[in-house]
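Worksheet: one structure, shown below.
The values are calculated or read from the model by the stated rules, or taken from the named source; none is laboratory data. Here the structure is a predicted model, which is why all the values come from computation and not from measurement. So basically every Cβ, Gly included, is an ideal-geometry build from the backbone, and we count neighbours across all protein chains shown. With ligands, DNA and RNA removed, areas are computed over all heavy atoms of the protein, side chains included. Shrake-Rupley method; radii C 1.70, N 1.55, O 1.52, S 1.80 Å.
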Amino acid sequence: MIEIKKVNKYFNRHKRNEIHVINNVSLKLEDSGLVALLGPSGSGKTTLLNAIGGLDKVKSGKIYINNKKITSKLTNKVDKIRNLNIGYIFQDYKLIDNMTVYQNVALVLKMIGIKDKNEIKKRVNYILEKLGIYRFRNRPTSALSGGERQRVGIARAIVKSPDIIIADEPTRKFR
Ligand SMILES: Nc1ncnc2c1ncn2[C@@H]1O[C@H](COP(=O)(O)OP(=O)(O)O)[C@@H](O)[C@H]1O
Ligand SMILES: [Mg+2]
């Protein structure tokens, strides 16, 4: 469940180029399903998704992810809520390019506290196979095409079977 309560966010606050980018937004997404956020370029979609994922701060209001407040001031708390509940597919993938495909995806499972190497191997290889990138598993992600890189980004988001997947422009450049 995602609950957004009266959230406000500005860029360049108190300057001449101030933008009130999230303007008193409230929204409750209770059940499972696909929700698409539509709006012209620059309307604040990425900003709102980053706030929901706890990647960016807001000026006021609260956001709850499965009843846990991700707009907390405590960064370790925010990181924990995100790690345990959200898979994030970034617009520009944000892969770790000096690591292999396998290592990029395995890191997610290590971050949620899975230590068993065999368990990690089983889950990562399963996802890589499903997404058709198993054969690249030992390549650094810098040596992949755009579409292949995007699939690593998707693998990373879904490998931990999160309750919530946030995808920013997920169909861009998929080839
Ligand atoms: N870090 C930032 N500093 C200042 N302005 C920003 C920043 N990030 C985004 N903006 C501005 O906020 C508005 C919303 O941006 P964004 O959320 O990226 O829109 P969208 O994803 O809908 O295209 C735009 O006008 C953009 O220029
Ligand atoms: Mg955007």
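Couple of notes before you dig in:
- Close pairs (7 angstrom Cβ cut-off, 6 or more residues apart or separate chains): touching a residue at least 12 places away in the same chain (Cβ under 8 Å) in the stretch 109-123, polar (S, T, N, Q) anywhere: M111/N83; I112/N83
- Summed over the stretch 100-157, residues that are farther than 20 Å from E169 by Cα and touching a Ser or Thr at 6+ places or on another chain (Cβ under 7 Å) total 6.
- Filtered residues of the stretch 40-64 (kept if more than 13 Å from ligand 1 (Cβ to nearest atom) and surrounded by fewer than 20 Cβ atoms within 10 Å (Cβ to Cβ)): K59, S60, G61, K62, Y64
- Pairs where the first residue, in the stretch 142-155, is closer than 13 Å to Q91 by Cα and open to solvent by 20 Å² or more (accessible area, probe 1.4 Å) and the second is modelled with pLDDT under 95 and not in a helix (DSSP H, G or I), C-beta under 6 Å, 6+ apart: R149/Y93; I154/I89
- Of all the residues in the stretch 1-42, those that are of a type outside the set (V, I, T) and part of a loop (DSSP other than H, G, I, E, B) number 20.
- Meets criteria (polar (S, T, N, Q) and exposed (fewer than 13 other Cβ atoms within 10 Å of the Cβ)) for N125: no
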